[in-house]
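The block underneath contains the structure these notes are about, expressed in structure tokens.
The values are calculated or read from the model by the stated rules, or taken from the named source; none is laboratory data. The shown structure was predicted, so the numbers you read here are calculated from the model rather than taken from an experiment. Neighbour counts are summed over all protein chains in view; Cβ atoms, including those assigned to glycine, are modelled from backbone coordinates with ideal geometry.
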Amino acid sequence: MRQIRDVVLETIPSPCFVLEEARLEQNLAVFERVQREAPVRVLLAFKAFSLFHTFPLIRKTLHGASASSVWEAQLAAEEFGGELHVYSPAYREQDMPSILGYASHVTFNSISQWERFRPLIERSPSPPSVGLRINPQYSPVETALYNPCQPSTRLGLSPEHLGNLLPQGVDGFLSHNLCESDSYALEKTLLHIERFFGHFLPELKWLNLGGGHLMTDKGYDISHAIDVLRAFHNRYPHIELILEPGSAIVWETGFLLSSVQDILPTSDLTNVILDVSFTAHMPDCLEMPYKPVIRGAHEPQKGEKVYRMGGSSCLAGDFLGDYAFSYDLSVGDRIIFEDMMHYTMVKTTMFNGVVHPSIGVLRKDDTFELWRQFSYEDYRARLG
């Protein structure tokens, strides 16, 4: 864990999302290796991370981006460049002309959507490559909220929906079934694709394996993933392989800085009221749920004072716990929630009108640069 000098922390406004530039460069080096040693192109998934201030650095390594909506597609076209893969569970008719102006690849969730928009795409001056999302009948994800292959899923075509003939005009498949998964889940995914959709593979031009490949985690076997991708390519050398990880690009590359506003002891524990909200600023902590690491904190041991972190909104469930510290917390203390770049910022809301965290970067020379602060005007503009 990189140590940040107190004098630097004091220059950061609270609350604030802080990207650590050095850590992002380390992660990008992993994907540079993967693309060098395996026949695969890597894209940035905007649904997980779309902080465009970082794009000049990220696009030095990645080939492009993937978007899930017309607004993400526009942001990618304006700020990232390169190839752009767009997928949505269902496209709106009024959005499709704009999407066709941005996208190099468009993937449909159903054959009916493809048939609906096929005439428009064929009339396009520069038609994109067309794909279909498939359900590979496998996912290691246990939390239903994040499992795209759960029973009766609305995401992707099962083998019985496709039959034996690839719809005319379709070039590729998208399979997105992983979430923070390892290389062995990638290997099993490819085996399932071959088992259930193998008769289509000779006709495909590309196969997008989606996101969820946690290649920048310390325990991920990168060499094994490279071997898996190479082996598949050797079996189907005509198919271009694509990955679009989101979390892995910015895994452990930044934090959310907050500060203690009040301390409320009870007979069982001590409530800490922060200037951030879990429901508004860290929703995955409640939805997944998961307990984020707090810098300098640890799991409470018997006899230690227990601190429960409380958010700044009036929602009764806006709290998370429990933690212990080697010192007694006081009003004004800084609390740092680790690993808050992926999915966190893209999911934030302005619920309850609580102050929205600023956004900034910690440069490699340990200087802080503020990128964005939010105001009442931002809150008001969302309401009308």
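Rundown of residues vs (1) of a type in the set (Val, Ile, Thr); (2) in contact with a Lys or Arg (Cβ under 6 Å, 6 or more places away or on another chain); (3) closer than 17 Å to residue 40 by Cβ; (4) in contact (Cβ under 8 Å) with a residue 40 or more places away in the chain, yes/no style:
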site: 130; (1), (2), (3), (4): yes, no, no, yes
site: 140; (1), (2), (3), (4): no, no, no, yes
site: 155; (1), (2), (3), (4): no, no, no, yes
site: 168; (1), (2), (3), (4): no, no, no, no
site: 188; (1), (2), (3), (4): no, no, no, yes
site: 217; (1), (2), (3), (4): no, no, no, no
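Looking only at the range 268-284, filter to residues that are touching a Lys or Arg at 6+ places or on another chain (Cβ under 8 Å) and closer than 15 Å to residue 313 by Cα; which one of those is surrounded by the most Cβ atoms within 10 Å (Cβ to Cβ)? Before you say what the answer is, go through the steps one by one.
Residues of the range 268-284 touching a Lys or Arg at 6+ places or on another chain (Cβ under 8 Å): 269-272, 283-284.
Now drop any that are not closer than 15 Å to residue 313 by Cα, which leaves 271-272, 283.
Details: 271: 17, 272: 23, 283: 18.
Ranking the candidates gives 272 first.
Got a number for residues in the range 1-36 being modelled with pLDDT of 95 or more and either within 18 Å of residue 342 (Cβ to Cβ) or within 22 Å of the chain's Cα centre (by Cα) (or both)?
Of the residues in the range 1-36, 21 are modelled with pLDDT of 95 or more and either within 18 Å of residue 342 (Cβ to Cβ) or within 22 Å of the chain's Cα centre (by Cα) (or both).
Among (1) of a type outside the set (Ser, Thr, Tyr); (2) assigned to a helix (DSSP H, G or I); (3) at pLDDT below 95, where does residue 268 come up short?
Evaluating residue 268 over (1) of a type outside the set (Ser, Thr, Tyr); (2) assigned to a helix (DSSP H, G or I); (3) at pLDDT below 95 leaves (2) as the failure.
So which of 337, 325, 319 is aromatic (Phe, Trp, Tyr) and under 30 Å from residue 244 (Cα atoms)?
337
Considering only residues of the range 59-110 that are farther than 22 Å from residue 34 by Cβ and in contact with a Pro (Cβ under 6 Å, 6 or more places away or on another chain), which is surrounded by the fewest Cβ atoms within 10 Å (Cβ to Cβ)?
Within the range 59-110, the match that is surrounded by the fewest Cβ atoms within 10 Å (Cβ to Cβ) is 109.
What do you reckon, is residue 62 part of a helix (DSSP H, G or I) and either among the aliphatic types (A, V, I, L, M) or closer than 21 Å to residue 19 by Cβ (or both)?
no
Take the residues in the range 158-195 that are surrounded by 19 or more Cβ atoms within 10 Å (Cβ to Cβ) and among the aliphatic types (A, V, I, L, M); name whichever of them is nearest to residue 211 (Cα to Cα).
Within the range 158-195, the match that is nearest to residue 211 (Cα to Cα) is 178.
If I go through the range 367-384 residue by residue, how many of them are within 16 Å of residue 8 (Cβ to Cβ) and assigned to a loop (DSSP other than H, G, I, E, B)?
1
Report the residue count in the range 243-262 for those that are within 13 Å of residue 211 (Cα to Cα), among the aliphatic types (A, V, I, L, M) and not in a helix (DSSP H, G or I).
1
Determine if the range 317-329 includes at least one residue that is under 22 Å from residue 374 (Cβ atoms) and not assigned by TED's automatic domain parsing to the domain that holds residue 215.
yes
Report, by residue number, each residue of the range 43-61 that is of a type in the set (A, V, I, L, M) and more than 14 Å from the chain's Cα centre (by Cα).
57, 58
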